[in-house]
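Peer 1: Right, I'll just put the structure down here and ask away after.
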Amino acid sequence: MTDWVQTMTELTHARGGALKRYAFLLCGNDADADDLVQEALVRAFARPSRRGADEAEAYIRRILLNRFLDTRRRQRSWLKIRPLLRAEDRELDPTAALAAQTDIRTALAGLSPRQRACAVLRYYEDLTIPQIAAALGCTPGTVKRHLSEAHSRLAGALADPSAHDSKEGTRWTPTMK
């Protein structure tokens, strides 16, 4: 067996679960995560390479991130031109809405692809802001903005309704002086 085939075999056995979890956090769907990992492995090992297992995993994670962002970009452009046939007539059950509010998958799905990628890289991969900026090819200020917006959206989506003030409709807001 050649070195690159052995590297691929060892990597998929040892780190396949971690790669799938990473892909799942990015796309939020089990089937899409499987497809994303499969595509990344095919792209990484389509041609013989001299990468070691550590380098190969980092390379595959980079492919996963790039493919996720490319796919979302394509989907967004398709949604702009796709004709809308009809509006949905469903009403959400209040208990289902409460469950969806506390579900992390739903909260992550509400983020833009860049916000989601920044949040996953920061809180799952535990990368620093400069490392995230290098991975995404943008400035640290852009990463901070995406993380701030993602944090605000996640905090709003995952907020515990019982933790708010007991007075309805009032919130404490700092006054500007």
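The values are calculated or read from the model by the stated rules, or taken from the named source; none is laboratory data. Note that the structure is predicted; figures quoted are calculated from it, not measured. Glycine also receives a Cβ, built like all others from the backbone with ideal geometry; neighbour counts cover every protein chain displayed.
Peer 1: Which numbered condition in (1) over 14 Å from the mean Cα position of the chain (by Cα); (2) touching a residue at least 40 places away in the same chain (Cβ under 8 Å) is the only one that Asp35 fails?
Peer 2: For Asp35, the failing item is (2).
Peer 1: Take the conditions of a type outside the set (Gly, Ala, Ser), at pLDDT below 85 and on the phi < 0 side of the Ramachandran plot and apply them to Arg82. Does it pass?
Peer 2: yes
Peer 1: Out of Thr9, Thr2, report the one residue that is farther than 24 Å from Pro113 by Cβ, over 14 Å from the mean Cα position of the chain (by Cα) and modelled with pLDDT of 75 or more.
Peer 2: Just a single option satisfies the conditions, and that option is Thr9.
Peer 1: Among the numbered criteria (1) closer than 23 Å to His146 by Cβ; (2) modelled with pLDDT of 85 or more; (3) charged (D, E, K, R), which single criterion is violated by Lys20?
Peer 2: (1)
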